[in-house]
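The values are calculated or read from the model by the stated rules, or taken from the named source; none is laboratory data. What you see is a predicted model; the values in this text were computed from it and never measured. Cβ coordinates were reconstructed from backbone atoms using ideal geometry, including for glycine residues, and neighbour counts include every protein chain displayed. Ligands, DNA and RNA are stripped out before the accessible areas are found, and what is left, the full protein with its side chains, is counted by its heavy atoms. Shrake-Rupley method; radii C 1.70, N 1.55, O 1.52, S 1.80 Å.
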Amino acid sequence: MDVLIVGAGATGLTLGIDLARRGVDALVVEAGEQLFPGSRGKGIQPRTQEVFDDLGVRDAIRAAGGPYPPQLFWKNGERLAARPMFDEVAADEGTPYTDPLMVAQWRTQEVLYARLLELGGRVGFGQTLTGLEQDAQGVTARFADGRTARARYVVAADGGRSAVRRAVGVGMTGESVDPNPFLVADLRVRGLDRDHWHVFVGDDGNGVALCPLAGTDDFQLAAKLPEGTAADLSLAGVRRLVSAYSHLDAADVTELRWASDFRPRAALADRFRVGRVFLAGDAAHVHSPAGGQGLNTSVQDAYNLGWKLGAVLAGDAPDALLDTYEEERRANAAAMLDLSTGVHHGEVRRGEATVQLGIGYRESSLTEETRADPGPVRAGDRAPDGRNADGVRMFDAFRGPHWTLLAPEPVRTVPESVRRLRAPESYGSGVFLVRPDGYVAWAGDTAARGLAEYAGRTGAWKAR
């Protein structure tokens, strides 16, 4: 096979979808017997919504969740104040999605899994990786049941305790974000409205928050426990916790569906690529859940890597293109780790800083800005939405695995595989080559100077 993806979380499923629509022979394997059952990563940021739009799942994701309710703070059984979870970010033609969506992680993964199967992709459950060996032609993976698999490339999407990362000897550098243990759980609760995210803080600064999970009948419990406390993940333990910090009785917690404990930390893998093996998602970076950056950064890892693997496997680009995955995504992950930690400590507000619409690759070696006087959209920037003079919407034009050329006049040397149209006026003057992941790769005053060479080098189209 071409690609073995280890881990059927949001990262692995996103990559599987992107590769499947490119006709790449890929297999996703998962150690568990089913998809992850909990709600942990429930925030879908606007940039990730744009990714899901391109992958054909945004409508299903929206139907699976809903908007975030305001937080309601309680004290001694009395309502104190309500405030929005996020600062408002204004929408415009270039940024149509600005509000985060709340979707339980298990529901996000169900949607992605269904899309993968629709595209002919495969997931093998109950396959625990025990080792890897790679050579010049590919990678051999070994599993606990004695089976082996051979692939040209392997992608680790198997979480913070990644077996793949350990197998290739990559370390993680990081630190604790909070000395207190935390508990997260999905449960059923009576006695609370579903119009608010209910927050109960004790005199010791610890407490619980109960958030109604959009698209479900559940609440997500997030609890900060006293330092040195051992989390009790049983129904009885969760009931004691809720009754200790809120006005609810223990019996008001009627059902416990899933629970986990963790200690918030920020950690970054020392490398994102070792030969034919790539690290993505939590296998490459571990975040505090504050600010909703972890799952979103992970999805965008997959989105960055998918088109590059596709180009190299098709013979349209050299293997060196794959080096830009680590270059672009490791720097981005480091910035998102700092952001998550800042939100956790109350130093950064959720809003414009956390929607991930400003992420770009201006400093990447894959980016070329050749204009002497660039306009509002530069090479390396996210290509905004908008409509051109012909009434074509950019996000409609970008949707799919192709490159897109935005030029005021037809360019004869461009192959049919590249979508060609005029840019909206909001882009400013020039010619823009947009990558399959929606970033401007090359910008110039005309297509005649440098575009063909760039396209041949990067796989936009083969050099003539």
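Some notes on this structure:
- Residue-normalised accessible area of the chain, given per residue in Å² at a 1.4 Å probe: 41 Å²
- With every protein chain in place, the range 327-373: carbon and sulfur % of accessible area (1.4 Å): 44 percent
- Sequence-ordered 3J(HN,Hα) estimates for the range 159-164 from the Karplus curve with 6.51, -1.76 and 1.60 and θ = phi - 60° stand at x, x, 9, 3, 5, 5 Hz, glycine and proline given as x.
- Taking all protein chains as they are arranged and a probe of 1.4 Å, the heavy atoms of Trp74 leave approximately 30 Å² accessible to solvent.
- Karplus-derived HN-Hα couplings along the range 81-97 (A = 6.51, B = -1.76, C = 1.60, θ = phi - 60°), whole Hz, x at Gly and Pro: 7, 10, 8, x, 5, 10, 5, 5, 10, 5, 8, 8, 4, x, 10, x, 10
- Dipole axis of the chain (+1 Lys, Arg; -1 Asp, Glu on Cβ), positive-most option in His198, Ser246, Gly9: Gly9
- Furthest towards positive pole of dipole, Leu187, Gly207, Leu35, structure part the chain, Cβ charges: Leu35
- Most tightly packed first, judged by the mean number of other beta-carbon atoms within 10 Å of their residues, the peptides 156-168, 382-394 read 156-168, 382-394.
- Which of Thr48, Ala60, Pro401, positive extreme of dipole for the chain (C-beta unit charges): Pro401
- Test item: Cα-centred dipole of the range 327-464, Lys/Arg +1 and Asp/Glu -1 on Cβ, debye: 400 debye
- Net dipole in debye of the range 278-353 [+1 Lys, Arg Cβ; -1 Asp, Glu Cβ; about Cα centre; nearest 20]: 280 debye
- With coordinates expressed along the principal axes, the C-alpha atoms belonging to the range 70-207 extend over 64, 43, 31 Å, beginning with the largest.
- Sequence-distant residues sharing a close amide H with Trp197 (under 5 Å, placed H): Gln71, Leu72
- Calculated [θ] (222 nm, deg cm²/dmol) that DSSP helices of n ≥ 4 give over the chain, each run adding -39,500 (n - 2.57): -7500 deg cm²/dmol
- Pair-distance profile P(r), taking every C-alpha pair of the range 312-464, with 10 angstrom steps and integer %: 11, 37, 33, 15, 4, 0
- Helix axis angle, 235-245 relative to the chain longest principal axis, alpha carbon, degrees: 80 degrees
- Per-residue ³J(HN,Hα) for the range 362-368, Karplus 6.51 cos²θ - 1.76 cosθ + 1.60, θ = phi - 60°, Hz, x for Gly and Pro: 4, 8, 5, 5, 8, 9, 10
- Charging the Cβ of each Asp and Glu at -1 and of each Lys and Arg at +1, and nothing else, the dipole of the chain about its Cα centre rounds to 820 debye.
- Cα gyration tensor shape of the range 221-316, rounded if a/c is under 1.5, else prolate or oblate by comparing a/b with b/c: prolate
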